[in-house]
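The next block holds one structure in the form of structure tokens; read it before the comments.
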Amino acid sequence: MNDSNDNTDQGQSTSALTTDQGTSTLTTGKWPLDASGSGFAFLALCYVSFFFALRLVLSSTVGTDDVEQVIFAQDWALRYNPSQPPFYTWILYSLFKVFGVSLPALGLLRYSLMFTALVFSFLCARRLIPNRRLATVAAFSPLLIYYVGWGWHQGFTHTSLLIPACFATFHAFLMVLDTGRARDYLWLGCALALGLNAKYGFALFTVALVLAAITDEQSRKRVLNPFVGLSLAVAAALVLPSLAGMGMSLDSYGDVYHRTMEMESPEGYAEQVAVGLGRLALSTVSFLFPLWIFCLIFFPQGLRRQALPDAPAGSTEECWRRISGRVLGRFLMIIFALAVLGVLVAGISYFKARWMPPILILAPLYYFWRVGLASESGENLQKSIRCFAITLVAVPVLVTAFWSAQRTIGDPLCNKCRLGDPYPEIAESISAAGFTGGTILSQDEHIGGNLRMRFTDARVVNLHYGYYIPPLKEGKNDGPSGGQCLMAWKAEDSSNLSPPPELVRFLNQRLGHDAQIDHPPQMAAGINTASGRSLRIGFVILEGAGTCR
């Protein structure tokens, strides 16, 4: 995507076509970013670096979704949570090995994936939209989606891997349509594997993309190319470990489906369908909020009816842009139709806006592609782009202000205000009471995840995740004397510090620790710096025994 007037090399792929001025606007042979792409990458890097630093400054407490992964990332396993593939946890475990169990390691993964998503969003936009400025704001536009521009900072884990996988897969698909080289099919296979290893719901994205391609006459020849076998082979090989973990407990996945995707007690099929379709529609509008409002304000021309001839006049580059955009529009219709079919046939009646990325994350690209078709490159378009760009700058400023206000004001800006929980002080109290290491058995994931960040050599077992019990650590709690056994729970009533009966049963039955609690439990407490509420943690330190040591 080089706007210089230099001629492209003759040996370059035929996809490196030029405009009437002789400038390469689609492919320059540079991988993955050319000069203009480097400028975009710099802006994206500034964005993610700022929020990475802000997160570290605002709180040392582990976020709501991260606590689960902090507990799981204690060893290599084929299966952690039956509702998610293990790949995200493998990456985090690797980072913990390199950088230690720490908040910076968590943030590095989160914001590296966000940067990757923005880069691939830009690469897709430049292949779809000839106007560079319009392509740039289109690439940044997902940041105006609440669940991306705010939710990503607050709690994404597997979804933060899914979103860049969606953009990377579509980019690889565009390269296949454009050139059809063997390496493009290889890259497509890798991107598909990344998505399937991110979340099982990515399979819906894959099916819809394939159906969209084969139902278009001009893209079908690329999809039915023998090189597709290479893509499938690579994807299958890279997904095989996750599939092996999934096969370990197929009944668990049925339970997850019924627990998360079906309404609790539908009175009948009609009600189930009505609720399912209603929630699907509401989730669609909610997920794209407030981006769709800004799009309608600044770029209403994207809603105009467009004539899309099968063989548009102009260069081959423009032809493939039209084809790619048309396939993208067909993909969005097909994947939404598949979701509706799931309601009608599979009985799916429960949708959440935060589950919509595989269905809707490419929708902004399609809308801006339509804007590019409808717009003349005049002052009105440039004014709209400038206004939209100002919005793109203003929203992160508002996010920063609101996030900072949450930490200083607390209620009513946040509900539980978990980032203000005083786990550093609580860990200090537990350490002062004599806990030096071993196994921590926690009542809930927030206690377990945050204590692991403070006692990094300790092994953490959590009552809520009883299906995952990490192995004893070599050299830490597997010797003859082993380590200590710490039980920790929320002490709702400071006058009664007795551990919950279910926690004691877990200790006895699952961890084989039959010691009696012969000394009174202790309490560690601190004040949530945001809400002003007191957090009280009851705990007891036992001699190591069984597998709690």
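Overview of results
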item: Contacts under 8 angstrom Cβ, first residue in the range 130-153 being assigned by TED's automatic domain parsing to the domain that holds G372, partner small (G, A, S) and outside any helix (DSSP H, G or I), 6 or more apart; result: N131/S375; N131/S377; L134/S375
item: Selection count, the range 189-235, where residues are touching a Phe, Trp or Tyr at 6+ places or on another chain (Cβ under 7 Å) and either outside the structural domain of S160 (by TED's automatic domain parsing) or over 25 Å from S83 (Cα atoms) (or both); result: 5
item: Condition check for P471: touching a Phe, Trp or Tyr at 6+ places or on another chain (Cβ under 6 Å), in contact (Cβ under 8 Å) with a residue 40 or more places away in the chain, not assigned by TED's automatic domain parsing to the domain that holds T89 and not hydroxyl-bearing (S, T, Y); result: no
item: Those helices (runs of 4 or more DSSP H) lying entirely in the range 171-279 with at least 2 residues modelled with pLDDT of 85 or more; result: 182-198, 202-214, 217-223, 228-247
item: Conditions (1) outside any helix (DSSP H, G or I); (2) surrounded by fewer than 16 Cβ atoms within 10 Å (Cβ to Cβ); (3) of a type in the set (F, W, Y); number of the one not met by F50; result: (1)
item: Candidates L174, L161, L95, filtered to the one that is assigned by TED's automatic domain parsing to the domain that holds L56 and free of Cβ contacts under 8 Å to residues at least 24 places away in the same chain; result: L95
item: Test result for I409, closer than 17 Å to F294 by Cα and not aromatic (F, W, Y); result: no
item: Qualifying positions in the range 47-59 - closer than 19 Å to I409 by Cβ and touching a residue at least 24 places away in the same chain (Cβ under 8 Å); result: L54, R55, L58, S59
item: When residues of the range 148-170 are limited to those that are in contact with a Leu (Cβ under 9 Å, 6 or more places away or on another chain) and not in a helix (DSSP H, G or I), the one surrounded by the fewest Cβ atoms within 10 Å (Cβ to Cβ); result: F156
item: Condition check for L441: surrounded by fewer than 21 Cβ atoms within 10 Å (Cβ to Cβ) and either touching a helix residue (DSSP H, G or I) at 6+ places or on another chain (Cβ under 6 Å) or not acidic (D, E) (or both); result: no
item: Residue within the range 353-368 that is more than 20 Å from the chain's Cα centre (by Cα) and either in the same structural domain as G532 (by TED's automatic domain parsing) or without any contact (Cβ under 8 Å) to a residue 40 or more places away in the chain (or both) present; result: no
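The values are calculated or read from the model by the stated rules, or taken from the named source; none is laboratory data. Just so we're clear, the structure is a prediction, and the values are computed from it rather than from any experiment. Backbone-built Cβ (ideal geometry, glycine too); neighbour counts: all protein chains shown.
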